[in-house]
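The structure appears right after this line, and notes come after that.
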Amino acid sequence: MVPSNEAEKLTWPKSGFDSDCNEINTLDIDSFLYNDDDIEEMVEAKQISRLYCAKCGSREVVPLNFISHSLSKEQIEFMFTKLQPDNVNRIVDLGSRIGAVVYGSSIFSNGQNKTIGIEMNKELNEITRKTVEKFGLKNVEIIENDLRNEANVLKNAELVVMNNVFSFFLSKADQENCWEFIKENLQEGTILLHHPEIEKATDYLDLSFKIEDWLEEIDTSVDCIEFAGQDVEKYEDISTIKKYIVKKIALDC
Ligand SMILES: C[S@@+](CC[C@H](N)C(=O)[O-])C[C@H]1O[C@@H](n2cnc3c(N)ncnc32)[C@H](O)[C@@H]1O
């Protein structure tokens, strides 16, 4: 039963103890009738709310989605200490934003990686360039352009990083166009580290090819366990980075 206070009219305290309570910011529920578990059940069933809008008083509030447009420090460390093969050092981050991946590539390889970030946003590139300079990060280049104008950079890459590059930034048609371009230009054997799994990022797009015909997924479960150990949260965070390799092009006879 949902508590109802229609049966009585409360006199809200105007001074002293509990005088911060009023009918907008307070829900009165007798503990004798409803314990904490009952209250939680009612919250989950959306019969009552623990929150109210401080502006209009509404209790019909829902949690916000939280979204990050950059990878976490741990995800970046995982990529460059576990997923990057020893014989690979030409790295390209497609959509480098504030440079998080680019910094990680330089730092975790002690400047041995040749790292290129491609980003179309001028302000973000200014931040990245200043940071690279300030910390003296080695072997880093930031290209300010739409990645679709950088075929040679893609062709020369040995390892490409993509963190949900398009969905918040381009129309569906442009996203499709970008994927067609990437498929056209990445060479056989190139490693693609993608966050999240690539199917999630491409499911709703109309592409001329199937992802599974283009890329082979590499099992990273041992790398994840070695990196995260017993830390479940860390494991969940890093295991969203997926590793693929561009397959040999099947020539039609
Ligand atoms: C989700 S952020 C990824 C940031 C970074 N790689 C990271 O993980 O920290 C995607 C970035 O890609 C850029 N972007 C999207 N489409 C692009 C395109 N066609 N060419 C260049 N940059 C692009 C956006 O401006 C945005 O900054």
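The values are calculated or read from the model by the stated rules, or taken from the named source; none is laboratory data. This is a predicted model, so every value here is computed, not measured. Every residue, glycine among them, receives a Cβ derived from its backbone with ideal geometry; neighbour counts consider all protein chains shown. Protein only, heavy atoms only, side chains kept; ligands, DNA and RNA dropped before computing areas. Shrake-Rupley method; radii C 1.70, N 1.55, O 1.52, S 1.80 Å.
At a glance:
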item	result
Dipole magnitude of region 73-246, debye to nearest 20 (Cβ charges: Lys/Arg +1, Asp/Glu -1, about Cα centre)	720 debye
Estimated FRET transfer efficiency when R0 is 30 angstrom, pair Asp37-Glu60 (beta carbons, to 0.05)	0.80
Relative contact order, percent, the chain [alpha-carbon distance under 8 Å, six or more residues apart]	15 percent
Per-pair calculated FRET efficiency, R0 = 41 Å: Asp146 and Thr26 via Cβ, rounded to 0.05	0.15
Size of electric dipole in region 1-145: Cβ of Lys, Arg +1 and of Asp, Glu -1, about Cα centre, debye, nearest 20	1280 debye
Share, in percent, of DSSP beta bridges within the chain that are antiparallel, nearest 5	30 percent
Solvent-accessible area, 1.4 Å probe, carbon plus sulfur percent, for the chain	50 percent
Among Val160, Val61, Val132, residue whose mean-square fluctuation peaks in a GNM of the chain (springs only between Cα atoms under 10 Å)	Val61
Across Lys114/Lys155; Lys114/Lys172; Lys134/Lys243; Lys114/Lys234; Lys82/Lys243, pairs whose alpha-carbon gap is larger than 22 Å	Lys114/Lys172; Lys134/Lys243; Lys114/Lys234
Relative contact order (percent, whole number), region 179-253, Cα cutoff 8 Å, 6+ residue spacing	50 percent
Karplus-derived 3J(HN,Hα), 6.51/-1.76/1.60, for each residue of region 49-64, Hz, glycine and proline x	10, 8, 10, 9, 7, 5, 8, 10, x, 4, 9, 8, 10, 10, x, 6
Protection-proxy order for peptides 85-97, 32-44, 163-175, each taking the mean of Cβ atoms within 10 Å per residue, highest first	85-97, 163-175, 32-44
Among Ser58, Ser15, Ser239, residue whose mean-square fluctuation peaks in a GNM of the chain (springs only between Cα atoms under 10 Å)	Ser15
Expected 222 nm ellipticity per residue - DSSP helices of 4 or more, -39500 (n - 2.57), all of the chain, to 500	-8500 deg cm²/dmol
14 Å beta-carbon shell around Phe78, net charge (K/R +1, D/E -1)	-3
Cα-based shape type of region 22-66, given that a ≥ b ≥ c are square roots of the gyration tensor eigenvalues and the cut on a/c is 1.5	oblate
